[in-house]
Structures are given as C-alpha cells and as structure tokens.
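Beneath this line is the structure, given in structure tokens, with notes to follow.
The values are calculated or read from the model by the stated rules, or taken from the named source; none is laboratory data. Keep in mind that this is a model prediction, so the values were computed, not measured. Don't worry about glycine lacking a Cβ; one is built from the backbone with ideal geometry, like all the others, and counts go over all protein chains shown.
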C-alpha cells in the first residue's frame, strides 16, 4: 500500500476527503484522459480557451489520479489540487499555477469571463506535464 500521509488522513477525519482505495483501472483511466487532453492542449490550431480547458482538465486528471493512488477521493477540484504536496510532493510553484488556473476556469465556467493569456496557458501545460511525470513515476498498486 502507498505510504499514509498524516495531512490526508486529517482531511479525511474532518470530512474533506473520503478514504477510499483507488483501483488500477480507475487510475489508469485518469492517466489516459490526462495524457490525451494534455496532447490536445498543445495543438496550436485550437482556440486559446479550448487549449486552456484541455490543459486544466489534464492537470485535474493527473492530480486526481495521485489522490486516488493514495487511497482518497474528493469531489472538490480545488482540494484535489491542494493535496498535491501530500500526494506527489509537488512544489509551491506548481500549486500557484494550478490555483490561478482554477480561478480563471471558475470565472469562465460560472461568469462567462475568460481571462487567460498564452503565458498562463504555457505555465499550465508545463505544470500538467510535471504532474504527468510525477504520477507516472508512482509504483504500481500492490493489488494490480
């Protein structure tokens, strides 16, 4: 089993996360979804907003895969990103990009205001790629 995190256990204890083992099929599905979306986010023929959405969802898929690998679930996208230091040891710089992307995504999704530029998109793609590499390096679950 993956090593237990005190921080993740505390979030489960207060009801922010649900302790629930991930399955290899689920985690592999998230990784496939993340890889495909990240590849599509790099397609410069697409609109910036589409590429942003693809990169954001790729980052979320990789982040959720890491959380599921640790044996937890959350329906809160922001919390899935917040747990990255405890799931795969992501640095603060990655977290800052994801927090900004989440803010931009919510403004676009709920208020119709899309306020991202090529720099933020590039940073988001870079962050998603770092997540992809980190999650791909996790050992296989022992019950595969």
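Below, the figures for the structure above:
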quantity: Enumeration of residues in region 110-125 that are surrounded by fewer than 18 Cβ atoms within 10 Å (Cβ to Cβ) and under 14 Å from residue 54 (Cβ atoms); calculated: 114, 120, 122
quantity: Yes/no for residue 109 being in contact (Cβ under 8 Å) with a residue 24 or more places away in the chain and farther than 24 Å from residue 11 by Cα; calculated: no
quantity: Qualifying residue in region 3-13 (condition: over 13 Å from the mean Cα position of the chain (by Cα), at pLDDT 95 or above and closer than 21 Å to residue 136 by Cα); calculated: yes
quantity: Sole residue being surrounded by fewer than 20 Cβ atoms within 10 Å (Cβ to Cβ) and either modelled with pLDDT of 95 or more or closer than 30 Å to residue 114 by Cβ (or both), chosen from 55, 65, 61, 18; calculated: 18
